[in-house]
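Enquirer: Encoded as structure tokens, here's the structure I'll be asking about.
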């Protein structure tokens, strides 16, 4: 290894043994070429002035040695080493259980509760890149729209595809929670979370919400509940023969039930009265649910031979050009 560089073909480094052999051969040849004459005095040579160009024959030889050494290093294919690093990251297994009953079309949120809930939840999903997330929808019954997945792009496509009327109307909070539990109960994640969002009162399904919350506690699942809807009355669209008409209907959310579910499971209950408040709720849940675990990060090898190859070739070209022009007559 050379300054953090490894060689893919280290056998070529044996060619560096040529360097000392070539140096020895150069010295031997130079000595044989120089004639030996005896003079009574060296004064005539001292008076004559020395030709400084003569020393460049050694400089040129040194450049050739350096070029050869660099080219041998290029043949050995220097590479950056494999990088393994343990880093901390965050992630949980999470299921969003969303009410898609007819009342979610009320327009106290713009454009309505359902679309506002989808938009804000999508932002939340985009920010949770290390989580496995699933989606359960419920109305008069419940079903899994998307199982736990780390493929958030596919999840979001399925998420945007949900709409009111996909299943019979009603608000089966117990069944929605039970379906989410079923998706998480076999997970081996250290943190397992359900976010349950509804705007109504449990009035359908065969599973009691209180029983479902007991089951969630048994499986160590934490449930955050969100009641979505303004306080008082909200405009609800009604289709008539003359077009869409609006009727103000009472906003009825079983906050006592939602508080019980969250407290029973170690979660928290939130009330979202507008879209900005809903966004703040998801941000708070995002901050509450951070699980640290270790991940090994890998970085592949990168080839580093090209700078060596380029430097070696440039040295050879430069040495040849200078020797054949400015110092052409130096032996």
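Read-outs: derived from the displayed coordinates by stated rules, not from any lab. Owing to the predicted nature of the structure, the values given are computational and were not obtained by experimental measurement. Quick reminder, even Gly has a Cβ in these numbers, built from the backbone with ideal geometry, and neighbours come from all protein chains shown.
Enquirer: So what's the convex hull volume per residue for the Cα atoms of segment 88-295, in Å³?
Expert: Cα-based convex hull of segment 88-295, divided per residue, equals 107 Å³.
Enquirer: While we're here: How would you order 304-311, 234-241, 118-125 from highest to lowest mean count of nearby Cβ atoms within 10 Å?
Expert: The peptides rank, most packed first, as 118-125, 304-311, 234-241.
Enquirer: Taking 37 °C and 0.692 mPa s as the conditions, I'd like the Stokes-Einstein D for segment 103-144 in µm²/s, using the Kirkwood hydrodynamic radius from alpha carbon pairs.
Expert: For these conditions, the coefficient is 279 µm²/s.
Enquirer: As a footprinting exposure proxy, order 225, 149, 211, 265 by other Cβ within 10 Å, with the fewest listed first.
Expert: 211, 149, 265, 225
Enquirer: What order do you get for 219, 138 when you list them from fewest to most C-beta neighbours inside 10 Å?
Expert: With the fewest neighbours first, 219, 138 line up as 219, 138.
Enquirer: Follow-up. Take 137, 201, 206 and order them by how many other Cβ atoms sit within 10 Å, fewest up front.
Expert: Least to most surrounded, the residues fall as 206, 201, 137.
Enquirer: If each residue of separation counts as 0.36 nm, what is the full-extension length gain between residue 318 and residue 151 once their alpha-carbon separation is subtracted?
Expert: 54.6 nm
Enquirer: Can you work out D for segment 159-211 in µm² s⁻¹ from Stokes-Einstein, where Rh is the Kirkwood radius over C-alpha pairs, the temperature is 4 °C and the viscosity is 1.567 mPa s?
Expert: Result for D is 102 µm²/s.
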